[in-house]
1. Arranged by the count of other C-beta atoms within 10 angstrom, fewest first, what order do Val24, Val101, Val53 take?
2. Hey, fewest Cβ within 10 Å first, where do Lys118, Lys93 land in order?
3. Compute the helix-to-body angle for 101-112: its Cα long axis versus the longest principal axis of the chain, expressed 0 to 90° and rounded to tens.
4. Quick check for me: using +1 on Lys/Arg Cβ and -1 on Asp/Glu Cβ, what's the dipole size of the chain about its Cα centre, in debye to the nearest 20?
5. Just how many % of Cα pairs in the chain lie over 26 Å apart, if you round to the nearest whole percent?
Amino acid sequence: MSIYLDLFPVRQYNKVACDEEIWVPTRLRFGADYEFFGQINGTFEEFEGEPIVEPTELPLGAKVSFPTIEGEQITDEDGFGNKLTFLRAVDFKNLEAPSSVWRQAIIDFIRSLPGDMKIILFWR
């Protein structure tokens, strides 16, 4: 089974509240990098590496809305049925660089965002 990660920067970065639908039109397709994933605590046991950051669960009742090929998807779970979590942009400053140029460009972009901007982790 392959595991992929999509990152959703939350434009209204100070907003992630209970009973709120969060529209996230920007989807950064990070892909699969298990060594990098191992730095994010609480993800999947099969990832190697020392956890460096701890994601936070979305507040109870909060849902994420994003465009897909089939139309709009609204959910509070990732592709594996786990509750959605997020990191802040500043958390990415502590993570070691990913192995590919594409993934490094995504991380560089996130590091350039305001530090308290929330980045939703969508595992699939």
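1. Val101, Val53, Val24
2. Ranked by crowding around the Cβ, least crowded first: Lys93, Lys118.
3. 60 degrees
4. 520 debye
5. More than 26 Å apart: 14 percent of the Cα pairs in the chain.
Read-outs: derived from the displayed coordinates by stated rules, not from any lab. Given the structure is predicted, the values throughout are model-derived calculations rather than measurements. Ideal geometry is used to build each Cβ from the backbone, glycine not excepted, and the neighbour counts take in all protein chains shown.
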